[in-house]
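Laboratory data are not the source of any read-out in this text; all were calculated from the coordinates shown. Note that this is a predicted model, so its numbers are computed, not measured. In this analysis, Cβ positions are derived from the backbone assuming ideal geometry, glycine residues included, and neighbour counts consider all displayed protein chains.
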Amino acid sequence: MPRPILATVHLPALRHNLERLQRAAPDSRLWAVVKANAYGHGIERTFPALRAADGFALLDLAEAERLRALDWRGPILLIEGCFEARDLELCSRLNLWHVVHCEEQIDWLAAHKTHQPHRVFLKMNSGMNRLGFRPAAYRSAWARLNALPQVDEISLITHFSDADSARFGADGIAHQLDAFAAATRDLPGERSLCNSAATLRHAGRELGSSALAADWVRGGIALYGSAPDHPAHCSADWELQPALTLASRLIAVQQVQAGESVGYGSTFVAPHAMRIGVVACGYADGYPRHAPGGPDCGAPVLVRGVRTRLVGRVSMDMLAVDLGPAEADASPCQAGDEVVLWGRSRHGAVLPVDEVAQAAGTLSYELLCAVAPRVPFAVDDGDFPTAI
Ligand SMILES: *Cc1c(COP(=O)(O)O)cnc(C)c1O
């Protein structure tokens, strides 16, 4: 029997979340952001659901080729643009739209031989200071692109650093929004500003005479069912459904006495007699090693659909959980019982990945992208529960 760990991608949830984002920005087109192999879910696995989007945004040219190999003929946007001049050949051949964020990328375009002029998205650094032209340099970059025969259409794009919170400035986005609006006021072209957080939280805000959602929104994490602004909101607040379940099973049960410890480093000492379940999932599967399992706080876990907690340190291939809550008023747990690390239990309960990420001091993004290659995947096309 193979090791009983399984990641399941839920296509109905992806379809639902995509519609949720479309409802938040009904007058905009939606890019499904599928970078990092669709946030770890798999481009090919998610494609049957995400093809309902208007386009795909990603940054790895090999991933763009995979989408074309799936016969996707619609828009694909490279959100970091080209990494070297010859990447433009692939853009011409596969009809990829690409971001232009620096002078070198304009130089490469100017030297590129093509019969097919490109659609480009000129990136503004409106305050995040990662990629793009500063507002003062934006117009001259636009004019340079506009003079190139290799360029067909220029669209305008920027990215918010704090759309998920109000840490910086009044609402997190006003300073960047003002910078973008002022520098682009009389430039023609389609516009794209919003990631998931901005789409859910701010899509209706004004941008000149239109809405902030503008021509294109770029939906990433919300598609996969995580709240982009957790813990201010949880996935249920935004009506998002988990698109990935990481599940395993108990492979052993230990009866420990008060004062006995569990796992490496003996970080958990049983305060009273307890039954502990040993689960076939560890950090080599992508479960965060830093998830807490100490005496005061344990990362949440579902055993037979009942919420309980991690105890002790996560090892490479195993972790341990308190079986108490699952056994209260129920039969004793045994090897083979279902354990959900995050996502959806066959018993109906849901454990949002955001809660596990928060407990481990990280974000859902990191956990979803980190599911290890050794974990087998299944696809739920409406027939979940999938037996593992
Ligand atoms: C990753 C990314 C997105 C999607 O962000 P989410 O927070 O996952 O919605 C949008 N735009 C750019 C430029 C990105 O890099």
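Here are some notes:
- The chain - percent relative contact order, Cα under 8 Å, separation 6 or more: 17
- Tilt relative to the chain, helix 174-184 - C-alpha long axis, 0 to 90 degrees, to 10: 30
- Approximate spin-label separation L70-T362, in nm, with each point projected 7 Å along Cα-to-Cβ: 2.4
- Across the range 49-140, the mean sequence separation of Cα contacts (distance under 8 Å, 6 or more residues apart), normalised by length, yields a relative contact order of 21 percent.
- Net charge, A183 excluded, C-beta distance under 11 Å - Lys, Arg +1, Asp, Glu -1: +1
- Chain lengthening between D296 and C234 when straightened (0.36 nm per residue, less Cα-Cα): 20.0 nm
- Per-peptide average of other Cβ atoms within 10 Å, ordering 75-87, 325-337 highest first: 75-87, 325-337
- Total formal charge among the other residues, if their Cβ is under 12 angstrom from that of A36, Lys/Arg +1 and Asp/Glu -1: -2
- Computed label-point distance, nm, for sites A111 and R3 using a 7 Å Cα→Cβ extension: 4.8
- The HN-Hα couplings worked out from phi for the range 344-361 by the Karplus form 6.51 cos²θ - 1.76 cosθ + 1.60 (θ = phi - 60°) are 10, 8, 5, 8, x, 6, 10, 10, x, 4, 4, 6, 5, 4, 4, 4, 8, x Hz, whole numbers, x standing for Gly and Pro.
- Radius 12 Å from Cβ of A25, net charge of other residues (Lys, Arg +1; Asp, Glu -1): +2
- Using the average count of surrounding beta-carbon atoms within 10 Å as a protection proxy, the listed peptides 204-210, 351-357 rank, highest first, as 351-357, 204-210.
- Efficiency of FRET between A330 and D60 - r from beta-carbon atoms, R0 51 angstrom, step 0.05: 0.65
- The chain - mean residue ellipticity at 222 nm from DSSP helices (-39,500 (n - 2.57) per run, n ≥ 4, rounded to 500): -7000 deg cm²/dmol
- Separation of the range 22-57 and the range 232-304, taken as the distance between their Cα centroids, equals 31 angstrom.
- Extension gain for the segment A273 to L187, taken as residue separation times 0.36 nm less the Cα-Cα distance, is 23.9 nm to one decimal.
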